[in-house]
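Heads up: the structure comes next, in structure tokens.
The values are calculated or read from the model by the stated rules, or taken from the named source; none is laboratory data. Since this is a predicted model, take the numbers as computed values, not measurements. Cβ: placed from backbone, ideal geometry, glycine included. Neighbour counts: every protein chain shown.
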Amino acid sequence: MDNDAASVHPDHPPSTPSAPARLSRRAFVTASLTAGGGLLLTLHLPAAARAAGAPTERSESAEINPFISIAPDGIVTIMAKNPEIGQGMKTTLPMLIAEELDVEWKNVRAKQAMLDPIYGPQFAGGSLGTPLNWIPMQQVGAAGRQMLIEAAARIWHVPPGECRAAKGMVHHRPTGRALPYGALARKAAALRPPELDSVTLKSPKDYTIIGKFTGGIDSPRVLDGDRLFGIDVIVPQMSYAVYEKSPVFGGRIVRANIEEIRALPGVRAAFIVRGSAPDAAIKMGLVDGVAIVADRWWDAEKARRKLRVEWTPQARSRQSTQAFAQEAARLMRSSAHSIIRRDGDVDAALARAAKVLKATYSYPFLAHATLEPQNCTAHVRPDGSVEIWAPTQNPDSGAHLVAQTLGIDPGKVKVHMTRCGGGFGRRLSNDYMVEAAMIAKRTGRAVKVLWDRTQDFHHDAYRPAGFHAFTAGLAASGKPVAFRDHFVTFGQDGQVASSANLPRDHFPAGYVPSLEYGQSLLQLDVPTGPMRNPGGNALAFAFESFIDELAHAGGLDPLALRLDLYGPPRVLSAPPPRGGLRIPPFDTGRVRGVLELVAQKSGWKRRGALPAGTGLGLAFYYSHFGYVAEVVKAGVNPDGTPKVHKIWAAVDIGRQIINPAGAYNQVQGAVLDGLGQALHLLITVENGRVVQRNFDTYHLLRMDEAPPVEVHFLLSDNDPTGLGEPALPPVLPALCNALFAASGTRIRSLPIDRLHSHHARA
């Protein structure tokens, strides 16, 4: 079964990440006194908390991260160690601590931490925030509560068992005495903290914060327009900069009209910057460009529009979307270059099959299209140290990239993490960070680099396109007995490009007796990288749509076929630990649970009574340790455009929804994100460069297209897992399957736009 979640390092292809039930090496907490006389709790996380594929820590040893403090006035401040990209971790993780600490939520403050090795891994990706922190955050909160109770007991000279904590107070049951946490902080700071494994966590029935709808801790500031985002950063004596790069990836500068640009109004400096390596464009490092520095961004931007640059001719300029498709079609007519997985004898099983189906599926490159364009502010000091303010998902990787490019020690790079105006994987790469640092070094000033929208579209790490040639054999009963996929994907120097792989255990591998996954590579000189649910955001469309085809060809209910393939409820063998963390085993019972729940809520059994031209489509996908089934109700407008009426989602991410407000937001947002991808989005390449320039040619989902999304959480006895990504993949095939039910037209290539352009009919 597919365990392929997001690789959070842009230089590596997606790999199965670590999702813990428990940290395998012991975490512990220490206590000390703050400068103001309060209690400072310090959580020591083991180095093994790194996820596979996550940014590398600067130290292999457990480090101290002082991030929880209780002031004498009872205010609890929690440092948010990971970036906030809209996924809600700055609210969710403090909720876990505050619940076990037994402090009122109104008395909690969260502050964004800077990049520092004392915090261990600091990244946002792979939906790992909850699984990595669920237990440690609760334990440190419970340890603090236990210490405060102990402090009160010593003051009163009573046994701790006679005391209880609630709402920021410790109460002595027999006498009714009470002391606020603030009054106990100094006393508690002198105590020896308990072993984290020994603390008693609350029963869920006693939760007063976890499970309650809680608004984002920064939401009021966002609504007020406070300066939270990278684009808002202003530092003393700051200049603005723009950076012009080759429209063909990796182009080198021959010459540019630098002197003319320097003479323009408001321009402080203009100069050529040479890239750090020949493959920097693919690895999202520093590439050749022209930097223009001015007192105002608009002055720099106006100057850039008058820039004339001659670039070296590039073999990459022959790349095009059309050529990729033609070469993929040629490759699919031949044997695959390599075999990813082979079970049984597929050819023999196909020869015996009662019916054989073939279909080809394709999907395009996509851009991340974050609403906040890429930006970074940097200042290189006279001593060579660098201070950076950046909206990054992966600050440690960015600091190392800057250090390597500038030839300094990584310890000399100081990174302030700002709130990100969208990430979706784009800000795992830090090309904008190294640009700002290099320009700041050349000018000796604090510089803010800000891309315009066209640059954002033309210099992304794109979701890779892909092509699938499916063949399947059905038994007389309609059940698949043979399954083959020849996957034509993209590679660079013989290796699969970032986020362009097919996991060998992707469904239906292991559930069809004879199966073969073959792979052929197209050479690609376009940067690719993780996008929200890497791999799954494309593979789900192809595989779950073809599974629907098999159901109809075999005369089976698509729901019944899936239930039959997954079989009775059973827990499979757990994968080996990765990164020192245990990975939860795949559970077919959880698959059945969400499939049956979404069928019930959507009225799946009554779909035959729908009006003509309206249909229901179903899909399931497992990723990031979340189980999600979705049903789409859709039809076709007279002009051939799809009309989506409603979407139902059934989600199993464990026994507890920490913040329902954030959880519903994440599911609904992921569903609408995937819907927009299916309906409209594509990036095309012509003459080695990206065609789309702005939102007039890259059509994000509009408000009037967004249908109601009804979300149902199915609680199961498993530790909570992440939610930013699992709900996206199923909506694409569910929509296409609904449109087939409504119109008889089978969608095998994305985006859809109009069904009149799709002629595949079953």
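Brief remarks on what is shown
- Matching option when the condition is surrounded by fewer than 16 Cβ atoms within 10 Å (Cβ to Cβ) and either outside the structural domain of residue 671 (by TED's automatic domain parsing) or in contact with a Pro (Cβ under 8 Å, 6 or more places away or on another chain) (or both), among 585, 577: 585
Residues are listed down the side, and each one gets a yes or a no for (1) modelled with pLDDT of 95 or more; (2) surrounded by 21 or more Cβ atoms within 10 Å (Cβ to Cβ); (3) part of a helix (DSSP H, G or I):
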residue	(1), (2), (3)
675	yes, yes, yes
696	yes, no, no
719	no, no, no
727	yes, yes, no
747	yes, yes, no
753	no, no, no
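- Scanning region 127-178 for residues being basic (Lys, Arg) and in a helix (DSSP H, G or I) gives a total of 2.
- A count restricted to region 595-614 and to residues that are in a helix (DSSP H, G or I) and not basic (Lys, Arg) stands at 10.
- Exactly one residue out of 291, 300 is assigned to a strand (DSSP E or B), within 35 Å of the chain's Cα centre (by Cα) and farther than 30 Å from residue 467 by Cβ: that is 291.
- Residue list for region 210-234, restricted to those being surrounded by 15 or more Cβ atoms within 10 Å (Cβ to Cβ) and farther than 30 Å from residue 142 by Cβ: 228, 229, 230, 231, 232, 233
- Among the residues making up region 608-664, those that are on the phi < 0 side of the Ramachandran plot, buried (at least 24 other Cβ atoms within 10 Å of the Cβ) and of a type in the set (Phe, Trp, Tyr) are 620, 621, 622, 627, 648.
Every residue, every condition in (1) out of contact with any His (no Cβ under 6 Å at 6 or more places or on another chain); (2) aliphatic (A, V, I, L, M), yes or no:
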residue: 458; (1), (2): yes, no
residue: 467; (1), (2): yes, no
residue: 472; (1), (2): yes, yes
residue: 485; (1), (2): no, no
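- Restricting region 322-343 to residues that are within 32 Å of the chain's Cα centre (by Cα) and part of a loop (DSSP other than H, G, I, E, B), the residue that is surrounded by the most Cβ atoms within 10 Å (Cβ to Cβ): 336
- When 393, 319, 314 are checked against the criterion of being surrounded by 17 or more Cβ atoms within 10 Å (Cβ to Cβ) and under 30 Å from residue 127 (Cβ atoms), 393 stands alone in meeting it.
- All positions within region 456-474 that are within 22 Å of the chain's Cα centre (by Cα) and either surrounded by 24 or more Cβ atoms within 10 Å (Cβ to Cβ) or of a type outside the set (D, E, K, R) (or both): 457, 458, 459, 460, 461, 462, 463, 464, 465, 466
- Some residue of region 426-441 being within 22 Å of residue 85 (Cα to Cα), surrounded by fewer than 24 Cβ atoms within 10 Å (Cβ to Cβ) and of a type outside the set (A, V, I, L, M, F, W, C): no
- Some residue of region 384-398 being within 16 Å of residue 455 (Cβ to Cβ) and in contact with a Gly (Cβ under 7 Å, 6 or more places away or on another chain): yes
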